[in-house]
1. Starting from the Cα gyration tensor of the stretch 18-78, take the square roots of the eigenvalues, sort them a ≥ b ≥ c, and report rounded, prolate or oblate (rounded when a/c is under 1.5, otherwise prolate if a/b is larger than b/c, else oblate).
2. Once you order the gyration tensor axes a ≥ b ≥ c over the Cα atoms, which shape class does the stretch 6-137 get: rounded for a/c under 1.5, otherwise prolate or oblate by comparing a/b with b/c?
3. Counting heavy atoms of the protein chains only and a 1.4 Å probe, report the per residue accessible area for the stretch 11-68 as a whole number of Å².
4. Which percent of the accessible heavy-atom area of the stretch 19-85 goes to carbon and sulfur, probe 1.4 angstrom?
Amino acid sequence: CHLFIGICNPIVQYSYYVLLTGGIVGVAGQFRDWQFAAYAVAAGVFVCLLEYPRGKRNKGTSVERTGQYCFTVCVKSFGPLTRNYYVRAFIHAGICVPGGFMLATILGCVCLGIASLIYLAAAIRGEHWEPILPRKDSARKPVADSINRPPQNPPPRPPAEMRRKRAEDLEGAAYVNPIPVTANE
């Protein structure tokens, strides 16, 4: 389900860092119209909080980021506003417009605009954000006994019926040759 967002994730993931960095440069340098840079800092922090929690995949494993749980709870609490990729596309598009009026934040706004298009394409494909929640340990399947005990013979291992018997039983330890062998051959 998250195929399109998974492929384009670097643009979506790092667009807020670029916006935040451009805003910090604009505010620290006291550029003309530095208020747009202050807006870009606030918008970068907002988008960073929105985008930090990873979504759960339908197939495979979903590995959550360090410290993601508290952000996941916050993002999940807004319900369909943050789960729906159409809404995220319009949020990103709206946030990127004011930052385009200052040179230091233009690159971040372009990245957010591209992220908005990616979210719109993902929403059209039917994708949505699903939170990664902690699993209960009791729901895990019991580990098979063969996993706990490593194999006794090094590879390649013969089939079970062809393996050598114990040395205590010398008569049973000998292999049974399926082809008769004569002394003359």
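1. Numbers: a/c = 3.79, a/b = 2.85, b/c = 1.33.
Here the stretch 18-78 falls in the prolate category.
2. Working: a/c = 2.43, a/b = 1.81, b/c = 1.34.
Note, shape of the stretch 6-137 comes out prolate.
3. Details: 3440 Å² over 58 residues.
So the stretch 11-68 comes to 59 Å² accessible per residue, rounded to a whole number.
4. On the way: 2680 of 4140 Å².
Roughly 65 percent, rounded to a whole number.
The values are calculated or read from the model by the stated rules, or taken from the named source; none is laboratory data. Keep in mind that this is a model prediction, so the values were computed, not measured. The accessibility values were calculated without ligands, DNA or RNA, using every heavy atom of the protein model including side chains. Shrake-Rupley method; radii C 1.70, N 1.55, O 1.52, S 1.80 Å.
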